[in-house]
Amino acid sequence: MEECILTIGTVTGAIRARKLLAAAGIGARLIKNTGTTKAGCAYGLTVTAANMPLAMRTLNEHDIAFEWSRGRAAGNK
């Protein structure tokens, strides 16, 4: 199953976003990205591609800024 990465502005924001997604029934894993972003942050969440539409809608409803990208297949390192 393919993962997507939601890059969040701060580690605190990523933790808050993970809690909001959990409340919406979406599993998310907190990660530290190896690269940097336009915002300079390297923390984010991984979610399955199937959950991305709901995850994006949930974060937008709570005014959490994020960038997203396609990740790797779950289970592949």
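The values are calculated or read from the model by the stated rules, or taken from the named source; none is laboratory data. Computed from a prediction, not measured in an experiment: that's the story for all the values here. Methodologically, a virtual Cβ is constructed for each residue, glycine included, from the backbone with ideal geometry; neighbour enumeration extends over all protein chains shown.
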Inset, instruction - Hey, could you check the stretch 53-71 for residues that are at pLDDT 95 or above and of a type in the set (A, V, I, L, M) and say which is surrounded by the most Cβ atoms within 10 Å (Cβ to Cβ)? - result: Ala55
Legend entry - Residue among Val11, Val47 that is β-branched (Val, Ile, Thr), at pLDDT below 90 and either under 10 Å from the mean Cα position of the chain (by Cα) or surrounded by 14 or more Cβ atoms within 10 Å (Cβ to Cβ) (or both): Val11
